[in-house]
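Colleague: First the structure, then my questions, so here it is.
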Amino acid sequence: MSGLLAQVGTDLVLPEVQYSVMMPWLVLVGGALILITLTSVIRLRPPAGSLAGFTVVFGLVSLVASGLLWNDVDDRGPSSAVGGAIVSDGFSVFFFVLVAVTVILAALLGDPYLRRERLDGPEYYALVMLSASGAMLMATANDLIVLFLGLEILSIALYVLAGFHSRRTESREAAMKYFVLGAFSSALFLYGIALVYGATGSTQLPEIAAFLADNVITANGVLLAGMALLLVGLGFKVAAVPFHTWTPDVYQGSPTPVTGFMAGAAKAGGFAGLLRIFFSTFDTLRLDWQPLVWGIAILTLVVGSVLAVVQNDIKRMLAYSSIAHAGYVLVGLQAANERGLSGALFYLLTYTFMIMGSFAVVLVVGRRGDAAHHLDDYRGLAGRRPLLALAFTVFLLAQAGIPLTSGFLAKFYVIGAAVESRSYALAIVAMLMSAVSGFFYLRVVVMMYMAPGDATDGATGGASDGGLAPDAGGRLTVPVAVGAAVVLTLAFTILVGTVLADPVFDFANRAVELF
Amino acid sequence: MTGLIAPGLLAVAEEAGSGTAGFPLLTSLVLLPLFGALAVALVPSVRTEVSRVVGITVAVATTVLAVVLALQFDTGEPGFQFVSQHQWIASLGISWKLGVDGISLWLVVLTAILFPLALAGPVVHHDEKSYTAWLLVLEAGCIGVFLALDLFLFFVFFEVVLVPMYFLIGGWGYEQRVYAALKFFLYTLAGSALMLVGMLALAFLNQRATGELTFDVERLAESQSITAAASRWIFLAFTVAFAVKVPLFPLHTWLPDAHTQAPTAGSVILAGVMLKLGTYGFVRFGLYLFPQAAVDLAPLLLTLATIGILYGAVVATVQRDLKRLIAYSSVAHLGFIVLGTFALTTQGLTGGVIQMVNHGISTGALFLLVGMIYERRHTREIGELNGLQKAAPVMAVVFTIIMLSSVGLPLLNGFVGEFMILLGTFVTRRWWAVAATAGVILSALYLLWAYQRVFHGTPTGENATMPDMTIRERVVMAPLVLLVIVLGVYPRPVLDRIEPSVDALLGHVEEKTGYRQPAVAAGGGGEERESPDPEPGPGGSPEGPEEEAAGEAGR
């Protein structure tokens, strides 16, 4: 009734807002706002761990809201909301779940890190939650403008987070680099939106798709340029070659929990946008973008894997390997079939657990000052911290794609999709690069297990920075929260690689069915 | 690794619940060593000697299970037995499917016999606990490879065995261990990368043709729905993976390093069991899944195998390092197995299968012996050893027997397989067989020459005072020596179980391709099965040629 009146009476049509489908990310926005308000009103110093606990609770609530939404979508199928600005479908809920998990893990990693580095405060948690809500918005966006909003919410919070360890020059440098290049890519993305709008007359994804299905554009230069710019803008966020140059420096310089969060949430958000735009909106232009994605995927795989081989800094190595992992997700995109899409989803979910688990270990080994990230700092870790070394080994082997881990199934699935769509060359390159990647993951394992440990147990590479000395005792302590994160991610990595593979596959497949 | 336990446990629970399959023998064979590894890992670090005892006990228990399997095995039944199947990943048509036939049966038994010996034999100098645990994980993986009847499951086991072996070489090996471990790991990983793509291509092309997505080996073999060209490419992809494992010339360069640098137990398992993953792969997956491609590309593989035989033998001759010499001899011996496999005759293939077992026993034993020498003399250089016969007569006798079996002396096990392979190959591929026979002569040359330099002569220096084999070492070597003799004199029971499956496999190849093996090669087996008199076995019946070959080998 009110809608009708609005249409008749006023020029501005206010869409009906369905809060229920926005719950998972509204919870996080709300959490961030409450956190900031409370901590500025209450002058008392919050008890240790309470802020992280608060964030974990909100992450869990977001997870539960996603679960409820999933049931809803499962029953009634996908639907658009808020005047077609966002869409509530299995695909978006899948990313809600994924991003909510990164929030929980980032909180678990953040708490001991911030206290160790004396950076404690509510800002980190608020920014993480805001950034995550941006990633979720990207996943649920049904309109290029909304997608852009999500991208910016995600990115701006991340720029700040990258420079969060403000006493470290590397951290400030990372923030600056990420900001400048990120802003540049946002601009390209925006320009791409403008061109696509010019070519099709809409920014709404379904309308663009409908337009492209009904019309044959003979001179489609503008459209293709717009599409290419969208690819560049999002390719930047997911660190696809040749838009990857920021990755190593930013991953290395950012505070370790932020790096983990970045690898999980930012990649997820970027891929959510990428997959939705190319799978649904530009589906009819498949023959135009498939070769492009093919080339980018091969470049990403090769550059990421090969350059990771020569890295001596663990965070740089993981940065390059994250580039390579983006390549595998692109393999799923390039396949342009249902299996490719669900493979990409499965890959992103499992990768999030693997990489955040890895960074949890890196965080511990990094010691106070967050600087002991040289490969030598892992020398003899197995002797000193056998369980930590074992966990790291599992994460590394999972990333290398060794069977009985979730990482193997993920690779198996996307490469299966490539084979199904007859992209044999891409599949073979991907598998060969996975063998190459075995080399640099094993280098770390060699360091941990086979290199003689140094007797001092003290940090070697950690040239103390910003006046922070390495821990006096030199003994590595694993904080409870980090331990919990490691156990959680480890359990996921192993269980999904074996017995729980089926439910998670079903989750990804169903998400694609409800796309 | 621990993850494997869970699906297996489900399988056990289901089988126990259904009550139809009875005791899940095969699943238990995979799980028992895994549980053992877990148990070992839980032993407190201060009591490492307990972990060794636990490990050996578990390995012996696995041997008992394998023997039970062999005893309950239905002789004359060509198909898969004790099959146990449970869905694993439904959306991809992947299941936990294990089964055993005449081809895999003896490899499982061999694995189960070699592991306790490898565990008990060599001395471990540090961290016995992890060492034992890794070996048991490796055992589970190896048995899994031989039993898997689902391509995906096979691939999982095939790759998983790399991890424990990598740690064994890298953690307990000799000077160049890290390099060797890495080389071994990456070589194999790169090889299996192609196989994975091939596997997926096979499954999806089959799905396109039949509408069913499955990784079930039997189903895929039966349907043969993919085009000849596709199957040739996929066969090649599999071939690369297996050729690295075997290893076939020119993909063998990881082997000398890995074998030489690995700790004794590692070398025993590498040579004894893990090389067979490749040859077994050729038989089970190469021939069974891609009969036409295997027939078409047989000349290529035969040629590579023959080059491997000659090259391995020649290079072995000039080695100064005893362990490296045996490593190269493996290249040659495994070449024989591939030769027999792709001769595509009953005799050749049966010979290939039994030779896998025989090579495992002989070479495993040789590596154990070299390990014993190294423990005493701290060198593997042939030049620094001499006259050991005087100081260690018992070891000299054992070494002689094992070495002669490796050379292929009649009445010892090595002869049976080698002879059948050459016979089977000669019928269809005369010139390859002729060339390969030269390898037999060369093997006698390098092994006898090495023996002569190490054991004969007057001992000098430390060689004069080297202690002889201890009781423990004698106990470890006894079963191997016994097997060498028993299998050499009376291989009948083993062959009886292999042949029906080999016949069935070749029948499958003939049915799907129109290839016909010459009656001479196939007939031998058929006649003998009809004759009630068990005496003239394929290993013993052709008396004349046997002596000829023996003479050749002895020269």
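Colleague: Part of a loop (DSSP other than H, G, I, E, B), β-branched (Val, Ile, Thr), at pLDDT 90 or above and closer than 27 Å to A:Gly407 by Cα - does that describe any residue in region B:160-167?
Modeller: yes
Colleague: Checking A:Ile298 against (1) without any contact (Cβ under 8 Å) to a residue 60 or more places away in the chain; (2) in a helix (DSSP H, G or I); (3) among the hydrophobic types (A, V, I, L, M, F, W, C), which single condition isn't satisfied?
Modeller: In the conditions (1) without any contact (Cβ under 8 Å) to a residue 60 or more places away in the chain; (2) in a helix (DSSP H, G or I); (3) among the hydrophobic types (A, V, I, L, M, F, W, C), A:Ile298 misses (1) alone.
Colleague: Hey, can you tell me all the residues within region A:118-168 that are charged (D, E, K, R) and surrounded by fewer than 21 Cβ atoms within 10 Å (Cβ to Cβ)?
Modeller: Result: A:Arg118, A:Asp120, A:Glu123, A:Glu152, A:Arg167.
Colleague: Within region B:448-474, restricting attention to residues that are of a type in the set (Phe, Trp, Tyr) and out of contact with any Leu (no Cβ under 8 Å at 6 or more places or on another chain), which residue is farthest from B:Met403 (Cα to Cα)?
Modeller: The residue in question is B:Trp449.
Colleague: Within region B:182-192, track down each residue that is within 7 Å of chain A (Cβ to nearest Cβ) and in contact (Cβ under 8 Å) with a residue 12 or more places away in the chain.
Modeller: Correct list: B:Leu182, B:Phe185, B:Leu189, B:Ala190.
Colleague: Oh, and also: Can you name every residue in region B:206-233 that is over 30 Å from the mean Cα position of the chain (by Cα) and facing chain A (nearest Cβ under 9 Å)?
Modeller: Hits for region B:206-233 are B:Gln207, B:Arg208.
Condition check ((1) touching a Pro at 6+ places or on another chain (Cβ under 7 Å); (2) of a type in the set (Val, Ile, Thr)) across all residues:
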{"position": "A:Val303", "(1), (2)": "no, yes"}
{"position": "A:Val306", "(1), (2)": "no, yes"}
{"position": "A:Asp313", "(1), (2)": "no, no"}
{"position": "A:Tyr320", "(1), (2)": "yes, no"}
{"position": "A:Ile355", "(1), (2)": "no, yes"}
{"position": "A:Val364", "(1), (2)": "no, yes"}
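Residue by residue, here is whether (1) among the charged types (D, E, K, R); (2) part of a helix (DSSP H, G or I); (3) within 22 Å of B:Ala436 (Cβ to Cβ); (4) within 16 Å of the chain's Cα centre (by Cα) holds:
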position	(1), (2), (3), (4)
B:Ala243	no, yes, yes, yes
B:Pro256	no, yes, yes, no
B:Tyr288	no, yes, no, no
B:Ala294	no, yes, yes, no
B:Leu300	no, yes, yes, no
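Yes or no, residue by residue, for (1) in contact with a Pro (Cβ under 7 Å, 6 or more places away or on another chain); (2) assigned to a helix (DSSP H, G or I):
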| residue | (1), (2) |
| --- | --- |
| A:Val64 | no, yes |
| A:Asn71 | no, yes |
| A:Ser92 | no, yes |
| A:Val101 | no, yes |
| A:Pro112 | yes, yes |
| A:Arg118 | no, no |
| A:Ser131 | no, yes |
| A:Gly134 | no, yes |
| A:Ala139 | no, yes |
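Colleague: On to the next question. Taking the condition of being at the interface with chain A (Cβ under 7 Å from one of its Cβ atoms) and crowded, with 24+ Cβ neighbours inside 10 Å, how many residues in region B:168-178 meet it?
Modeller: Count: 1.
Colleague: Which count do you get for residues in region B:440-468 that are under 30 Å from the mean Cα position of the chain (by Cα), in contact (Cβ under 8 Å) with a residue 12 or more places away in the chain and not in a loop (DSSP other than H, G, I, E, B)?
Modeller: Qualifying residue count, region B:440-468: 15.
The rows are residues; the columns are (1) within 14 Å of another protein chain (Cβ to nearest Cβ); (2) in a helix (DSSP H, G or I); (3) under 30 Å from B:Pro491 (Cα atoms).
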| site | (1), (2), (3) |
| --- | --- |
| B:Gly79 | no, no, yes |
| B:Ser84 | no, no, yes |
| B:Val108 | no, yes, yes |
| B:Leu119 | no, yes, yes |
| B:Leu135 | no, yes, yes |
| B:Phe155 | yes, yes, no |
| B:Ala180 | yes, yes, no |
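Colleague: Considering region A:369-398 alone, what residues qualify as being within 22 Å of the chain's Cα centre (by Cα) and away from chain B (no Cβ under 13 Å)?
Modeller: Within region A:369-398, A:Asp370, A:His373, A:Phe392, A:Phe395 meet the criteria.
Colleague: Does region A:150-207 hold any residues that are of a type in the set (Val, Ile, Thr) and either farther than 23 Å from A:Ser80 by Cα or free of Cβ contacts under 8 Å to residues at least 24 places away in the same chain (or both), and which are they?
Modeller: A:Ile153, A:Ile156, A:Val160, A:Thr169, A:Val180, A:Thr200
Colleague: Residues in region A:219-234: is at least one assigned to a helix (DSSP H, G or I) and polar (S, T, N, Q)?
Modeller: The answer is no; no qualifying residue exists.
Colleague: Could you grab the pairs with beta carbons closer than 9 Å, sequence gap of 6+ or different chains, first residue in region A:326-352 and aromatic (Phe, Trp, Tyr), second one in a loop (DSSP other than H, G, I, E, B)?
Modeller: A:Tyr328/A:Gly401
Colleague: Among what's in region A:468-515 and is assigned to a loop (DSSP other than H, G, I, E, B) and either within 10 Å of chain B (Cβ to nearest Cβ) or within 21 Å of the chain's Cα centre (by Cα) (or both), pick the residue that is modelled with the lowest pLDDT.
Modeller: A:Phe515
Colleague: Hey, another quick one. Testing B:Ala21 on (1) at pLDDT 85 or above; (2) in contact with a helix residue (DSSP H, G or I) (Cβ under 7 Å, 6 or more places away or on another chain), one condition comes back false. Which one is that?
Modeller: For B:Ala21, the exception is condition (1).
Colleague: Here are some conditions: (1) free of Cβ contacts under 8 Å to residues at least 60 places away in the same chain; (2) crowded, with 24+ Cβ neighbours inside 10 Å; (3) more than 10 Å from chain A (Cβ to nearest Cβ). B:Gly144 meets all but one. Which one does it not meet?
Modeller: That leaves (1) as the condition not met.
Colleague: Sort through A:Phe184, A:Phe189, A:Phe179 and tell me the only one that's aromatic (Phe, Trp, Tyr) and in contact with a Leu (Cβ under 7 Å, 6 or more places away or on another chain).
Modeller: A:Phe189
Colleague: For region A:399-436, what are the residues that are within 9 Å of chain B (Cβ to nearest Cβ), among the hydroxyl-bearing types (Ser, Thr, Tyr), part of a helix (DSSP H, G or I) and touching a residue at least 24 places away in the same chain (Cβ under 8 Å)?
Modeller: A:Tyr413, A:Ser434
Colleague: Checking A:Leu333 against (1) touching a Lys or Arg at 6+ places or on another chain (Cβ under 9 Å); (2) farther than 21 Å from A:Ala484 by Cβ, which single condition isn't satisfied?
Modeller: So the condition that A:Leu333 fails would be (1).
Colleague: Just one of the numbered conditions (1) more than 18 Å from B:Gly144 (Cα to Cα); (2) buried (at least 18 other Cβ atoms within 10 Å of the Cβ); (3) more than 14 Å from every other protein chain (Cβ to nearest Cβ) is not true of B:Gly93; which one?
Modeller: Result: B:Gly93 passes all but (3).
Colleague: Could you check region B:157-167 and list, in sequence order, the residues that are within 21 Å of B:Ser104 (Cβ to Cβ) and within 7 Å of chain A (Cβ to nearest Cβ)?
Modeller: Those that are within 21 Å of B:Ser104 (Cβ to Cβ) and within 7 Å of chain A (Cβ to nearest Cβ): B:Glu159, B:Val160.
Colleague: Further, regarding this structure: In the set B:Val494, B:Val484, B:Val476, B:Val440, which member is out of contact with any Lys or Arg (no Cβ under 8 Å at 6 or more places or on another chain), buried (at least 16 other Cβ atoms within 10 Å of the Cβ) and closer than 24 Å to B:Thr306 by Cα?
Modeller: B:Val440 is the lone residue from the list that is out of contact with any Lys or Arg (no Cβ under 8 Å at 6 or more places or on another chain), buried (at least 16 other Cβ atoms within 10 Å of the Cβ) and closer than 24 Å to B:Thr306 by Cα.
The values are calculated or read from the model by the stated rules, or taken from the named source; none is laboratory data. Please read all numbers here as calculations on a predicted model, not as lab measurements. Neighbour counts run over all protein chains shown; Cβ positions are idealised from the backbone, glycine included.
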